[in-house]
Structures are given as C-alpha cells and as structure tokens.
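A quick write-up on the structure given underneath.
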Amino acid sequence: MAEGGVSGGTPVTFSKSGVSLRGSWSCSWDSLLKITREKYVKKIIFLNVLWTFLAVGLMSCIGLEPIQKREEIYGKAASLIHQSYAARQIWPGETWKVFLNASDPDGDMKNIVCTIDQAGVGTYPVSITKISEANQKQFSGYVYLNTQSIDDLDFVTLTLTVHIQDKAGHYSEPAIFPLLLSGTSLQEPPPPGVFQEVSLGPIMIQLRTIRDDGGPFDRGLFFRGRSPFGH
C-alpha cells in the first residue's frame, strides 16, 4: 500500500483492491467493474432481443419466412400460365401487349415478374407488377411494354420472359416471347375469344440502345403496383 496526496485535497491511498479517498468516500475498482460488466451484459441481451424481434418482423413483412411456413399459410401449389400470346413484331413506338391466361389452385397469385434480354444491351433489371386481389385466383388480360419511336430501336431484337409468383414464393413455368422492333410490321392481335382485353399493368422497363451511355441501373425500374414484390 502506498500513500499519495492531492494538493489542497483529500489524501489518496493506492491498494490492490482499489483507490480510497480517506475522509471523504471510498470506491472499489472491483465494484465498479462488476457494475459496468452487469450493465454491459444487460445492454447486449436487450440489443439481441431487439434485433431478433426486428428480424422476425422484417422477414414477415417482406415474405422471407421459411418456405414450409409460407406453404402452411398459402398452400403448396404453384401458379399456372395456361395460355399466352404476344405479337412477334411491332413498330418502334407501339405499345406491345403480352396476353396471359393464368390461375392458381390456392388463389394466392401475387406478382407478374418480367425480365428482358436485349441483343447488344444485356439483361434489364426485373419488372414486378402487382396482381390485384380480385385476380389472385385467376385472370385473363395483358401486361404491356411501351417502346420509343426512335430510329435506333429499328430492328432491335429482344426476349421477354414472364413468371407468375405466388405468396408462398413459388414461380410458374416461364412464358417466353421474342420480339423484333421493325418499321415494316404492324402488331398482330391475339386470336379472338381467347383473352380478355383487360390491362394487368405495365412492364416497367425502358428500352435502350447500344448508343445509350447511362449506367446499368438506368435500364429498368422496379414496379410494385398501385397498392404491394411485398405484402
């Protein structure tokens, strides 16, 4: 043990157990460490519990529950695209209509998921169009892609792939549609009486050409509909 002093203050004693301010108050390092350790442990436990609740809530909101749990709620059947049609050639500037007849035995169709591969440009970001509640069991109608009436899109070729996603996370088999934009061909309508002329929503992708200088994230937009790829 050793003694020291503070000029004009209380004498200080240094020992293995801590620091003692004689005549005023005493404080043990062991006690301080114990209190600090307990507070730290409680804070860690609280944060772990908080993050657990947040993670569970987030997964529930965005549909990341285990597939078994979602199948218990929504069913195990995947959606089916029974019939589909789209013209193989259109004028640049025309609105391309892609017709679909689809259903789901569980009645939980959620999104129409579209991707486009374009020669010379690559693959655009996915477009997700929300299926309205009234159409989640079955629907007949079309999604549509707006094109620009510019010369650089003349003779552009692309391939559209369409899936139906349900709330359990299942995807239908793909429907695939090739397209040539050409100033020599008008868009041919679907066979009569097969599809309803009802808009299901846009394919939110803006076509580009190999002359465009924008980055890859400018090539398409995520579309979540007017009401929720989310619940």
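Residue-level analysis places residue 115 among those that are surrounded by fewer than 19 Cβ atoms within 10 Å (Cβ to Cβ), under 16 Å from the mean Cα position of the chain (by Cα) and over 19 Å from residue 83 (Cβ atoms).
Evaluation of residue 164 against the conditions (1) crowded, with 19+ Cβ neighbours inside 10 Å; (2) more than 19 Å from residue 101 (Cβ to Cβ); (3) β-branched (Val, Ile, Thr); (4) under 20 Å from the mean Cα position of the chain (by Cα) shows that the sole unmet condition is (2). Note on the range 167-202: among residues that are surrounded by 15 or more Cβ atoms within 10 Å (Cβ to Cβ) and of a type in the set (Ser, Thr, Tyr), the one that is farthest from the chain's Cα centre (by Cα) is 182.
Checked against the criteria, residue 147 counts as modelled with pLDDT under 95, closer than 18 Å to residue 200 by Cα and polar (S, T, N, Q).
Scanning the range 118-141 for residues that are surrounded by fewer than 20 Cβ atoms within 10 Å (Cβ to Cβ), among the small types (Gly, Ala, Ser) and more than 12 Å from residue 200 (Cα to Cα) turns up 119, 120, 122.
The values are calculated or read from the model by the stated rules, or taken from the named source; none is laboratory data. None of the values given here were measured: they were computed from a predicted structure. Cβ coordinates were reconstructed from backbone atoms using ideal geometry, including for glycine residues, and neighbour counts include every protein chain displayed.
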